């Protein structure tokens, strides 16, 4: 199937999944142009300096996906479809209904093979292996990978927010848009926010504004056993701290466990149980130093405001992506996932010399 027909098929299949972003023929074509120029648009050799070049898809591509969010799995598959590769998807044991639904909408000739286990030959025959998961999963696959195969790993990442300003409806709505999707389980979901100025007042105002907003209930059907108990234990611990420690506060959604806002006056990093747990902390005197222990794990930093100073701090702190508060879950098609070229990682370049100019 030709490139334009593949793009048309992707756009049609993605129509039911608004959270995949604005997938249109124009936007995907622009994405290809930005990253690969004419190398993917034409089977003909393209001028490249004083020589010629073309790209060939790495194929087949084996996608080993996790159950945290369907978003990452479908993004990876879409990239493989765009470059024209054959795609195999190893699903988690519980499956991913969204992936099944998306695949069913594709033409038969480009549908990937799906399985909840590695089929014979998949690992050995794949030219590229994309793995989403834990460090243990990465070690397992890195021991199986051949030098001739390309391994792309997407592990657990930490995202966060840096805010200079008072809390208002716009910022509160943006924080909700960043934290609530996927129940805060995705790599782009912020685990805490550093706030300049009176961070306790910011947290108090945030809780009041969240009370006034209509938010979707937490998707309890997707919870693992023990999640609710762990959240209750975490909140009880912080309630005890709030009763005994200065400037520790906790606010909860009324009558349910849909969200919690916690003000922690300590700059230090603490574990977050996720599931819509919003940790507000004061901005450290040197945020770059405070974030240094997790520098290699940082994915996205949400900023308010976005200016040269805040961007420079985010870059120095190790961010792979910087965006306004409220847009952390909405990366553009052309973003470089974990700092890599999204399409360029799925092709090999063929250079041709001596053909003539």
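The values are calculated or read from the model by the stated rules, or taken from the named source; none is laboratory data. Being a predicted model, the structure only gives us computed values, none of them experimental. Using ideal geometry, Cβ is built from the backbone for each residue, glycine included, and neighbour counts are taken over all protein chains shown.
Side notes on the structure shown:
- Annotation: residue 270 fulfils all but one of (1) under 26 Å from residue 201 (Cβ atoms); (2) modelled with pLDDT of 95 or more; (3) surrounded by fewer than 20 Cβ atoms within 10 Å (Cβ to Cβ); the unmet one is (2).
- For residue 270, the criteria (1) part of a strand (DSSP E or B); (2) closer than 23 Å to residue 186 by Cα; (3) over 20 Å from the mean Cα position of the chain (by Cα) hold in every case but one, which is (1).
- Answer from 319, 260 - the residue that is touching a strand residue (DSSP E or B) at 6+ places or on another chain (Cβ under 7 Å) and closer than 27 Å to residue 338 by Cα: 319
- Single residue of 80, 49, 21, 37 found to be touching a helix residue (DSSP H, G or I) at 6+ places or on another chain (Cβ under 9 Å) and at positive phi: 21
- Look at (1) surrounded by 17 or more Cβ atoms within 10 Å (Cβ to Cβ); (2) in a loop (DSSP other than H, G, I, E, B); (3) in the same structural domain as residue 233 (by TED's automatic domain parsing) and you find that residue 302 fails only one, number (2).
- Restricting attention to segment 306-316, the residues that are in contact with a strand residue (DSSP E or B) (Cβ under 7 Å, 6 or more places away or on another chain) and either at pLDDT below 95 or in a loop (DSSP other than H, G, I, E, B) (or both) total 1.
- So residue 225, is it modelled with pLDDT under 95, more than 21 Å from residue 169 (Cβ to Cβ), loosely packed, with under 14 Cβ neighbours inside 10 Å and within 24 Å of the chain's Cα centre (by Cα): no
- Test result for residue 143, out of contact with any helix residue (DSSP H, G or I) (no Cβ under 7 Å at 6 or more places or on another chain), at pLDDT 95 or above and not assigned by TED's automatic domain parsing to the domain that holds residue 185: no
- Summed over segment 156-169, the residues that are in contact (Cβ under 8 Å) with a residue 60 or more places away in the chain and either within 21 Å of the chain's Cα centre (by Cα) or in a helix (DSSP H, G or I) (or both) give a count of 8.
- Test set (1) assigned by TED's automatic domain parsing to the domain that holds residue 186; (2) free of Cβ contacts under 8 Å to residues at least 60 places away in the same chain; (3) closer than 23 Å to residue 71 by Cα - residue 339 fails condition number: (1)
- Some residue of segment 281-293 being closer than 17 Å to residue 157 by Cβ and assigned to a loop (DSSP other than H, G, I, E, B): no
- Residues in segment 38-74 that are assigned to a helix (DSSP H, G or I) and either out of contact with any strand residue (DSSP E or B) (no Cβ under 7 Å at 6 or more places or on another chain) or at pLDDT 90 or above (or both): 70, 71, 73, 74.
- The helices (runs of 4 or more DSSP H) found entirely in segment 75-155 that carry 2 or more residues being touching a strand residue (DSSP E or B) at 6+ places or on another chain (Cβ under 6 Å) are 135-142.
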